[in-house]
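Participant: A single structure is presented below for examination.
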Amino acid sequence: MALFEKEPLTPPLAYRMCPETLDEYIGQKHILGQGKLLRRAIEADRITSLILYGPPGTGKTALAKTIAKKTKAYFEWLNAATIGLDELRKVIQHAKNRKAQGIRTIVFLDEIHRFNKLQQDTLLPDVEEGNITLIAATVENPFFYVNSTLLSRSQVFQLKPLSKEDLLEIMKNALSDKDRGLGNSSLILDDAALNHIAEMSDGDARKALSSLEIAALTTQPDSNGHVRITLETAEESIQKKHIVYDKKGDQHYDTISAFIKSMRGSDPDAAVYYLAKMLYAGEDPRFIARRIVIFASEDVGNADPMALVVATSTLRAVEFIGMPEAKIPLAQATIYVANAPKSNACYKAIEAAMEDISTEETMEVPDHLKDSHYPGAKKLGHGEGYKYPHDYGGHVDQDYLPKKKKYYKP
């Protein structure tokens, strides 16, 4: 006899509440609303190869499951993180055999960004010949991580973070569903608690449902047998929210772009917000400091030369003190350069000069400006006729280029 009996393992709430039909699917109206192309293709069971791209918890796998339930094709589930090349070839061979019998095969490949070029190339001919219909999912921008040839044979659909209203609807469905959700539990959920989970989940339905489930499972019932989930319980259940931010992906580039453009637009509040987002997500503070240094010259320049002094001092301070205190000088520098007057005259000057160097005949240094301090220089005429500006009160007219150029236009 066993010392104890194990309770049967129950799949997580987020898994149980996965929609089974398009009508149950919440969110992504821009691609799945009534009359939209993707919805029509799914309802008609006529989908072509797709790439679903979006942050975690936005419904990529859920959408694939609704397609799997709707289609008459054979549906194959794969994950790029765990499948090898040999196994992939076997899957494709089975698909070819089914095709010979008149049966279509849809292959859902999660995390396609984890496939290397060779693995992606293995898919290409069979996608092209129609041996498989590929539905690939990724949290990374497919235009960076998926081969262009595979992209050209697929439709790319971007899934967006779910709205607060979407998350509230998803959680309320879970609370009322007696078959798959928490409808059989004696739960009393404060509106403030529900709103907090929706707000802190950052558009991620999986995180919202997981936090809701944790709160329900870990809260003791009261004397009447009711489990009351308060705002305090919700805060403990969700704790620090996860920021969708990949240091090598879209969020990295998009956020630093917004940070720079906010400083350029003289909006210190927006700039500090994006600074906080990057720091919260674990971005390298030295990378941020370097971008501020570049900005101080490129966008502020000589309109306020102190901006560069502040920025370079901040870079030194960040390297010297590290995080978390480094956020303070970073905020100071961000606010300073955002509020500073702007001029890109120095940036435009060097860009124009570099363009001339690369495209025009290189101008020789005039003889009167050449070095005259080595033996024989005078015999070559080097330095002859040079006017020392300090002998003329600090300024004297003379040619410094063989051909007149105007690069700096303050």
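FYI, it's all coordinate maths here, none of it is from the lab. This one's a predicted model, so the numbers in the text were calculated from it and none came from an experiment. Note that each Cβ is placed from the backbone with ideal geometry, even for glycine, and that neighbours are counted across all protein chains shown.
Participant: Connecting C-alpha atoms closer than 10 Å in a GNM of the chain, tell me which of Asp166, Asp304, Asp222 has the biggest fluctuation.
Facilitator: In this elastic network of the chain, the residue with the biggest mean-square fluctuation among Asp166, Asp304, Asp222 is Asp222.
Participant: Straight-line reach from Lys370: which lysines fall under 21 Å, measuring Cα to Cα and dropping same-chain residues less than 8 apart?
Facilitator: Reachable lysines: Lys378, Lys379, Lys387, Lys403, Lys404, Lys405.
Participant: For Glu325, what charge total do you get from the other residues with a beta carbon under 15 Å from its beta carbon, if Lys and Arg give +1 and Asp and Glu give -1? Please report the intermediate quantities before stating the final value.
Facilitator: Details: positive: Arg286, Arg316, Lys327; negative: Glu319.
My count for the surroundings of Glu325 gives +2.
Participant: Using a 10 angstrom cutoff on alpha carbons, build the Gaussian network for the chain and name the most mobile of Phe108, Phe295, Phe320.
Facilitator: Phe320
Participant: Want the number for Asp284 to Arg114: 0.36 nm per residue separation, take away the alpha-carbon distance, what's left? Mind dumping the intermediate values first?
Facilitator: Values: separation 170, 0.36 × 170 = 61.20 nm, distance 2.36 nm.
Length difference between fully extended and current span is 58.8 nm.
Participant: Net charge near Gly35: determine it from the other residues with C-beta under 14 Å of the C-beta of Gly35, scoring Lys and Arg +1 and Asp and Glu -1. It would help to have the intermediate numbers written out before the result.
Facilitator: Working: positive: Lys29, Lys36, Arg39, Arg40; negative: Glu43.
With Lys, Arg at +1 and Asp, Glu at -1, the neighbours total +3.
Participant: Also, quick follow-up: Divide the volume of the convex hull of the Cα atoms of region 28-158 by its number of residues and quote the answer in cubic angstrom per residue. Each step should come with its number before you reach the end.
Facilitator: On the way: hull volume 12.7 nm³, N = 131.
Spelled out: Cα convex hull of region 28-158, divided by residues, is 97 Å³.
Participant: Work through the residues other than Ala345 whose Cβ is under 15 Å from its Cβ and net out their charges, Lys, Arg +1 and Asp, Glu -1.
Facilitator: +2
Participant: Calculate how large, on average over all directions, the projected area of the Cα convex hull of region 164-238 is; give the answer in nm² to one decimal.
Facilitator: Working: hull surface 17.4 nm².
Averaged projected area of region 164-238's Cα convex hull equals 4.3 nm².
Participant: Under 15 Å between C-alpha atoms is the cut-off here; go through region 28-158 and count lysine pairs that meet it, provided they're at least eight residues apart or on different chains. Mind dumping the intermediate values first?
Facilitator: Working: Lys29/Lys60; Lys60/Lys69; Lys72/Lys99; Lys90/Lys99.
Eligible lysine pairs with Cα atoms under 15 Å apart amount to 4.
Participant: What 222 nm value per residue comes from the helices of the chain, counting each DSSP H run with n ≥ 4 as -39,500 (n - 2.57) and dividing by all residues, nearest 500 deg cm²/dmol? List each step's numbers first, then the result.
Facilitator: Details: 18 runs with 192 residues, N = 410.
Computed ellipticity for the chain at 222 nm equals -14000 deg cm²/dmol.
Participant: Ratio of the chain's C-alpha Rg to 2.2 N^0.38 Å, to two decimals?
Facilitator: Details: Rg = 31.1 Å, N = 410, 2.2 N^0.38 = 21.6 Å.
Taking the Cα Rg and dividing by 2.2 N^0.38 Å, one obtains 1.43.
Participant: Given 0.36 nm per residue, what is the gain on full extension from Tyr253 to Arg46 after removing their alpha carbon distance, in nm? Numbers along the way, then the final one.
Facilitator: Values: separation 207, 0.36 × 207 = 74.52 nm, distance 3.56 nm.
Extending this stretch completely gives an extra 71.0 nm.
Participant: Find the centroid of the Cα atoms in region 25-93 and in region 379-408, then give the distance between the two in whole Å.
Facilitator: 70 Å
Participant: Next up: Would you list which aspartates and glutamates come within 13 Å of Lys342, measuring only between C-alpha atoms, while excluding same-chain residues fewer than 8 positions from it?
Facilitator: Within the straight-line cut-off, Lys342 pairs with Asp267, Glu298, Asp299, Asp304.
Participant: Oh, and also: At 20 °C and 1.002 mPa s, what whole-number value in µm²/s does Stokes-Einstein give for the translational diffusion of region 269-410, with Rh from the Kirkwood sum over Cα pairs? It would help to have the intermediate numbers written out before the result.
Facilitator: Details: Rh = 18.6 Å.
The estimated diffusion coefficient comes to 115 µm²/s.
Participant: Take His30 and Glu361, extend 7 Å from each Cα along the Cα→Cβ direction, and tell me the distance between the two endpoints in nm.
Facilitator: According to this spin-label approximation, the distance is 5.4 nm.
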